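A short write-up of the structure that comes next.
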Amino acid sequence: MSPAHAEIHRTVRDRLDQNDQRYTTGRRAVVDALAETDGPITLPELIDLAPALAQSSAYRNLAVLEEVGVVRRLVHSSDHARYELAEHLTEHHHHLICEQCGSVRDVTLTPELERRLDAAFATVSSAEGFTPTHHTIDLYGRCADCRP
Ligand SMILES: [Zn+2]
Ligand SMILES: [Zn+2]
Ligand SMILES: [Zn+2]
């Protein structure tokens, strides 16, 4: 296990502890699988990565991990729900979602671009008397494989 994963496991264990939940082998396997991928994955993809997990228990474990705030569930149009580790365990990023094949890729902007986005949002928010804490932005279109 990489040091980065050790840190993730520590944080997940703390969150589960705080919620009177145990960090079972199944939950560890789910977190390991999500930590290995570069984008959010569907339940069938998760089972492929962690074949020891039964589908029903993988789903239950994902629900618990989502409830304690360490897994984020993404639902886009007609696609299956996809799961990834919460941003506080990884890093802030955005998604490129292919409307053709349903693939979803993580992309990270430069700090300069993030600052410019936040500045733009600060302008519209303050006009509404709204105080933003964070943003989520996903882009829809065609991936490289599906481009005509
Ligand atoms: Zn595609
Ligand atoms: Zn993501
Ligand atoms: Zn951003």
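No value in this document is a laboratory result; all are computed from the given coordinates. Small disclaimer: the values here were computed from a predicted structure and weren't measured. Note: ideal-geometry Cβ built from the backbone for every residue, glycine included; neighbour counts use all protein chains shown.
Farthest towards the positive end of the charge dipole of the chain, among the residues Q18, T108, A54, is the Cα of A54, using unit charges on the Cβ of Lys, Arg, Asp and Glu. Looking at the chain, send over the antiparallel percent of its DSSP beta bridges, to the nearest 5. Percentage antiparallel, nearest 5: 70. Across segment 42-56, computed HN-Hα scalar couplings (Karplus, 6.51 cos²θ - 1.76 cosθ + 1.60, θ = phi - 60°) run 7, 4, x, 5, 5, 4, 4, 6, 10, x, 5, 7, 6, 4, 5 Hz from first to last residue, x flagging Gly and Pro. In order along segment 130-139, the Karplus-derived 3J(HN,Hα) couplings, from 6.51 cos²θ - 1.76 cosθ + 1.60 at θ = phi - 60°, round to 9, 10, x, 10, 6, 10, 10, 9, 10, 9 Hz, and Gly and Pro are given as x.
With the Cα gyration tensor of segment 109-148 giving a ≥ b ≥ c as the square roots of its eigenvalues, does the rule (a/c under 1.5 for rounded; else a/b larger than b/c for prolate; else oblate) give rounded, prolate or oblate? Before the final figure, lay out the partial values.
Details: a/c = 3.63, a/b = 2.31, b/c = 1.57.
Prolate shape, in that a/c is at least 1.5 and a/b is the bigger ratio.
Within the shell defined by Cβ-Cβ distances under 13 Å, the residues around Q21 carry a net charge of +1, with Lys and Arg each +1 and Asp and Glu each -1. Taking the number of Cβ atoms within 10 Å of each Cβ as an exposure proxy, the fewest-first ranking of E99, E128 is E128, E99.
Spin-label model, N19/Y140: points 7 Å from Cα along the beta carbon direction are separated by 2.9 nm.
Normalised radius of gyration (Cα atoms, divided by 2.2 N^0.38 Å) for the chain: 1.16. By the Cβ distance rule (another cysteine Cβ under 4.7 Å), the unpaired cysteines of the chain are C101, C146. Principal-axis analysis of the Cα atoms of the chain puts helix 111-127 at an angle of about 70° to the longest axis. Against the chain, whose longest principal axis comes from its Cα atoms, helix 3-18 is set at around 80 degrees. Under a 5 Å amide H cut-off, with hydrogens placed 1.01 Å from N, V71 pairs with E66, A86 among residues at least 5 apart or on other chains. Here the sum of -39500 (n - 2.57) over DSSP H runs of 4 or more residues, divided by the residues of the chain, equals -14000 deg cm²/dmol at 222 nm, to the nearest 500.
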